[in-house]
Amino acid sequence: MESTVLEKELEVKAQPYKVNKMMQNPIEKIESPILNIDKLSVSYGGDKYSINDVSAGIAKNKITAIMGPSGCGKSTLLRAINRMHELYPDTHNKGSVYLGEEDIYKMNPILLRRKIGMVFQRPNPFPTMSIYDNVIAGYLLNGIKLKRKEKDAIVEKSLREVGLWSEVKDALHNKGTFLSGGQQQRLCIARALAYTPEIILLDEPTSALDPIATAKIEDLLVKLKKDFTIVLVTHNMSQAARISDYSMFMYLGELVEYGKTKQMFTMPKDKRTEEYLTGKFG
Amino acid sequence: MNTSTQISKAKINRRLLKDKLFTYAIIFLAFLSSVPLFLILFELIKKGYRQINISFFYKVAPDTMEAMVAVKNNEIIPGGIANGIVGTLIIVGMASLIAIPLGIICGMYLAENSKGKFAGVVRFIVDMLQGVPSIVLGVIGYIWVVKPITGGFSGLAGSVALSIMMLPSIVRSTEETLKMIPDTLKEAALSLGVPYHKTMLRVILPSGISGILTGVILGISRIAGETAPLMLTALGSAAISTDITKPSSAIPLLVWEFYNDPNLVNMIWSASLFLLILILILNLSAKAIAKKWKVQY
């Protein structure tokens, strides 16, 4: 029996994307990574996994961008790196993530989060605290006693690093929530830096900001990578192209392609990456 | 032109008139509902102002004989409500000490586990508690504290009964306030490695302080005027009593006592006026705190 045109079309669509055997592996191997994601799958409950079997190394002192259309699991992957996804009940995962030699899922999450800081989509300074206290909030809230001089030094250093010092040095004891959105976000980055983590995770840190504030934060991230390793989720492709050294492209919970940003943006290895980058979906 | 689709001028005018009448009726009814408070205040001030002087605040309730003589000579009754003021302060203070921590913790639990089954049961029970008649709480205070613990009427028993009464308002206001606080704030603290309990106590709770305090003050103002539970627990005392295991007076109890003594009837108005003003001040300060301490996220 002859199949109809529609059936033929469906058949074609149902076929998986053919990966050219001649092509290199779309997942680049990173030499001596600071963080090693090993066959990680994360589920928010049930058998449905939001990310599936993701393996990747994160290069030290580089900016790694995670891109992909909404719902592809990029935020889940980022949160799984410092176990913030566990805030939701019923999460479970397979595989693991190694920080150096240590399995982070066997670490105390409280200690882990001191080594891997996080900055969120919306600026979230602590509303009851002054700018000064916000910067050293990690120490204050964890009951770590510091001398006045040490505190002053940490506050000044962190605020200088994010370029906020000259803007707020006369208002350190005002509430952080009176700053502009971009300033608040830089304050949040300073708060993460002040705690001297090894890695900073940023979950779409500029999506709530205007272009000028965004540019400032991008410049800042590029500057910061000499001291920290940065992992950034963004659905802004040009942002990834501008500032990242490595890029991941995720689609439907799968890590489709991972490699040097320049390489990926000029010669993507996977057809889906190419289609995303050229705006065919997303 | 087809006349049937047109609305006549008279009809339009009738509609406009209806509109106007409706508006005025609403304004009038709204005004009407605020009248009683002013009438009460007016009545109390008119009848009670004469009794309110400095000795009103530091003298205990007058002796009925002295009062009789004073009334006969058309003088003001010598005496005050100091035993009631001290009693109310102690009883309400103790009730707050019991109810505030309990209520805030319970509200925090409900806000954090808003969908849990147990939380649902707790929320339901707290709502039911709101509807328990105050006299029943008095009986409970009598059975729980008067008989087994203090072996007689006591201020403590009154505090226990009143603490149950103020609990629902604290629980619900804490829950509602904490639910409004964005999750991103909790995430911010947790991502700094701050343990959960510290996140709740040092970040989330302070951010909701205005709403919680408002609930606490409204709870206090609700119990400050309660009489029925105190009749079965604190009973009343002619002298100033600071011992919580002994019977104690309270302002609403004094009003009741004045009512029962024909010679002291004039004192009702001043004691009621003082109680009413106290509660009005509490309510106003709750409003002021809600406005002033509001935390901007």
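Taking the conditions exactly as written (out of contact with any helix residue (DSSP H, G or I) (no Cβ under 7 Å at 6 or more places or on another chain), within 14 Å of chain A (Cβ to nearest Cβ) and open to solvent by 40 Å² or more (accessible area, probe 1.4 Å)), does residue B:243 satisfy them or not?
So residue B:243 does not fit the description; no.
Could you look through segment A:129-148, keep only residues that are facing chain B (nearest Cβ under 10 Å) and under 27 Å from the mean Cα position of the chain (by Cα), and pick out the one that is surrounded by the fewest Cβ atoms within 10 Å (Cβ to Cβ)?
A:142
Looking for whichever is more than 14 Å from chain A (Cβ to nearest Cβ), touching a residue at least 40 places away in the same chain (Cβ under 8 Å) and touching a Leu at 6+ places or on another chain (Cβ under 6 Å) here; the options are B:272, B:249. Which one fits?
Sole residue among the options that is more than 14 Å from chain A (Cβ to nearest Cβ), touching a residue at least 40 places away in the same chain (Cβ under 8 Å) and touching a Leu at 6+ places or on another chain (Cβ under 6 Å): B:272.
Tell me, which strands (runs of 3 or more DSSP E) lie completely within segment A:191-282 with 1 or more residues that are touching a residue at least 40 places away in the same chain (Cβ under 8 Å) and over 14 Å from the mean Cα position of the chain (by Cα)?
A:246-251, A:254-260
Listed residues A:57, A:68; which is open to solvent by less than 40 Å² (accessible area, probe 1.4 Å), more than 9 Å from chain B (Cβ to nearest Cβ) and touching a Gly at 6+ places or on another chain (Cβ under 9 Å)?
A:68
From B:167, B:110, B:178, B:190, grab the single residue that is over 24 Å from residue B:229 (Cα atoms), open to solvent by less than 40 Å² (accessible area, probe 1.4 Å), away from chain A (no Cβ under 14 Å) and of a type outside the set (S, T, N, Q).
B:110 is the lone residue from the list that is over 24 Å from residue B:229 (Cα atoms), open to solvent by less than 40 Å² (accessible area, probe 1.4 Å), away from chain A (no Cβ under 14 Å) and of a type outside the set (S, T, N, Q).
Of the numbered conditions (1) in contact (Cβ under 8 Å) with a residue 24 or more places away in the chain; (2) open to solvent by 10 Å² or more (accessible area, probe 1.4 Å); (3) within 14 Å of another protein chain (Cβ to nearest Cβ), residue B:185 satisfies every one except a single condition; which is it?
For residue B:185, the failing item is (2).
Could you tell me whether segment A:204-224 includes any residue that is within 19 Å of residue A:30 (Cβ to Cβ) and among the acidic types (Asp, Glu)?
no
Given the conditions (1) open to solvent by less than 40 Å² (accessible area, probe 1.4 Å); (2) over 21 Å from residue A:60 (Cβ atoms), and given that residue A:121 satisfies all but one, which numbered condition is not satisfied?
(1)
If I filter segment A:71-83 down to residues being more than 14 Å from chain B (Cβ to nearest Cβ) and not in a helix (DSSP H, G or I), which single residue comes out as surrounded by the fewest Cβ atoms within 10 Å (Cβ to Cβ)?
A:71
Any idea which of (1) under 20 Å from the mean Cα position of the chain (by Cα); (2) under 22 Å from residue A:232 (Cα atoms) is the one residue A:91 doesn't satisfy?
Going through the list (1) under 20 Å from the mean Cα position of the chain (by Cα); (2) under 22 Å from residue A:232 (Cα atoms), residue A:91 breaks only (2).
Looking at A:86, A:101 in this structure, which one is modelled with pLDDT under 95 and within 14 Å of chain B (Cβ to nearest Cβ)?
Exactly one of A:86, A:101 is modelled with pLDDT under 95 and within 14 Å of chain B (Cβ to nearest Cβ), namely A:86.
Does residue B:131 satisfy the criteria of being out of contact with any His (no Cβ under 8 Å at 6 or more places or on another chain), at pLDDT below 95 and closer than 21 Å to residue B:257 by Cβ?
no
Could you count how many residues in segment B:193-214 are at the interface with another protein chain (Cβ under 7 Å from one of its Cβ atoms) and assigned to a loop (DSSP other than H, G, I, E, B)?
Total satisfying the criteria: 3.
Per-residue answers, yes or no, for (1) of a type in the set (Gly, Ala, Ser); (2) open to solvent by 30 Å² or more (accessible area, probe 1.4 Å):
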position	(1), (2)
B:37	no, yes
B:54	no, yes
B:74	no, yes
B:88	no, no
B:95	yes, no
B:103	yes, no
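Looking at residue A:126 and the list (1) more than 8 Å from every other protein chain (Cβ to nearest Cβ); (2) in contact (Cβ under 8 Å) with a residue 12 or more places away in the chain; (3) more than 19 Å from the chain's Cα centre (by Cα); (4) assigned to a loop (DSSP other than H, G, I, E, B), which single condition is not satisfied?
(1)
Name the pairs whose Cβ atoms lie under 7 Å apart, with the first residue in segment A:152-179 and surrounded by 13 or more Cβ atoms within 10 Å (Cβ to Cβ), the second part of a strand (DSSP E or B), and 6 or more positions between them or separate chains?
What qualifies is A:172/A:130; A:174/A:130; A:175/A:130; A:176/A:130.
The values are calculated or read from the model by the stated rules, or taken from the named source; none is laboratory data. Because the structure is predicted, anything quoted here is derived from the model rather than measured. Because the Cβ atoms are built from the backbone with ideal geometry, glycine has one as well, and the counts that use them run over all protein chains shown. We work out accessible area using only protein heavy atoms, side chains counted, and drop any ligands, DNA or RNA first. Shrake-Rupley method; radii C 1.70, N 1.55, O 1.52, S 1.80 Å.
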